[in-house]
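Below: one structure, written as structure tokens.
The values are calculated or read from the model by the stated rules, or taken from the named source; none is laboratory data. Quantities reported herein were computed from a predicted structural model and do not represent experimental measurements. Don't worry about glycine lacking a Cβ; one is built from the backbone with ideal geometry, like all the others, and counts go over all protein chains shown.
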Amino acid sequence: MPAGNASTLFTRGATYRVTRTFTGERDEFVEGETLVYWRHAVSIYDGLQGFFFLVPDGSIVRSWDLALRATLEDPPFVQVAGVADVILAAEAGDAARVSALLDPDAEGDGAARRLALESAVVRGRAKVVAEMVGRPAFATLRQRALFDAAAAGQPLVLEVLLAAGVDADSVDDSGQTALRSAVFGGHESSVARLLAAGADPDRDAWKRAGMIDFARRQGSLGIAALLGRG
């Protein structure tokens with residue numbers, strides 16, 4: 001793989017093979033293993049950037065961490081497969097194609113399916129999301145999809161997920177709710193939809209007061225007003 005910057009080094013959804021065994025900041029990689037690239041993130045506080053991969057079944061996240069100013073030359077990965085068709089179809093909003101590509105006997109938390117659902121959610125492909133979350137194999141991915149839809153400001157996708165039975169008051173391991181994700185993103189329509197579905201601001205670790213304070217400091221007065229009702 002040629003040298004590049006963080007935005008061009010890997011292709012989301014493509015499969016890579018580890019070319020040499022090495023130990024990173026938080027993870028160990030073994031020559032020959034294959035991983036599906038997910039995303040890049042930066043922590044100014046830690047002075048690190050992370051390149052995140054999924055194991056092929058989508059169940060484990062792997063992290064290659066580097067210093068922010070590290071030279072991205074000769075990375076220990078080589079691309080061995082392109083982006084899965086189901087991901088491309090989800091990104092394009094082609095619900096019929098997604099339906100045709102989904103194996104009813106396959107596990108719904110495979111890396112390609114996980115990334116396909118995430119793509120459809122953040123792009124507002126409500127019909128594709130409905131096609132996916134209606135399948136039992138995607139049950140473990142629905143809650144995360146709710147958080148992603150809230151953070152991306154996609155109220156139509158929220159409608160689909162809530163109709164599929166996802167709990168509007170779901171809480172993640174850090175005590176955060178989808179409602180806080182929508183508040184942080186400044187997405188008033190998504191906040192309104194979650195509140196209408198029964199989301200309780202006090203279920204979040206920040207509580208109602210904390211979210212109202214954040215919204216006011218960000219100038220999201222409409223969101224603050226919505227949170228202050230009831």
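A compact table of results
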{"read-out": "Residues satisfying the stated conditions in segment 125-173, i.e. assigned to a loop (DSSP other than H, G, I, E, B), under 14 Å from the mean Cα position of the chain (by Cα) and crowded, with 17+ Cβ neighbours inside 10 Å", "value": "153, 154"}
{"read-out": "Residues that are touching a residue at least 40 places away in the same chain (Cβ under 8 Å) and part of a strand (DSSP E or B), drawn from segment 4-34", "value": "15, 16, 17, 18, 22, 29, 34"}
{"read-out": "Criterion violated by residue 184 - all others in (1) of a type outside the set (A, V, I, L, M); (2) without any contact (Cβ under 8 Å) to a residue 12 or more places away in the chain; (3) in a helix (DSSP H, G or I) satisfied", "value": "(2)"}
{"read-out": "Test: residue in segment 189-202 that is free of Cβ contacts under 8 Å to residues at least 12 places away in the same chain, in a loop (DSSP other than H, G, I, E, B) and surrounded by fewer than 18 Cβ atoms within 10 Å (Cβ to Cβ)", "value": "no"}
{"read-out": "Residue identified as out of contact with any Leu (no Cβ under 9 Å at 6 or more places or on another chain), on the phi > 0 side of the Ramachandran plot and modelled with pLDDT under 95 among 93, 153, 175", "value": "175"}
{"read-out": "Any hit, segment 54-71, residues being basic (Lys, Arg), more than 20 Å from the chain's Cα centre (by Cα) and either part of a strand (DSSP E or B) or under 15 Å from residue 25 (Cβ atoms) (or both)", "value": "yes"}
{"read-out": "Residue, modelled with the highest pLDDT, within segment 100-123, restricted to residues that are surrounded by fewer than 17 Cβ atoms within 10 Å (Cβ to Cβ) and not in a helix (DSSP H, G or I)", "value": "103"}
{"read-out": "Cβ-Cβ under 7 Å pairs, at least 6 apart or on other chains, segment 145-169 side outside the structural domain of residue 187 (by TED's automatic domain parsing), far side at pLDDT 95 or above", "value": "none"}
{"read-out": "Residue check for residue 97: closer than 22 Å to residue 39 by Cα and either among the hydroxyl-bearing types (Ser, Thr, Tyr) or assigned to a helix (DSSP H, G or I) (or both)", "value": "no"}
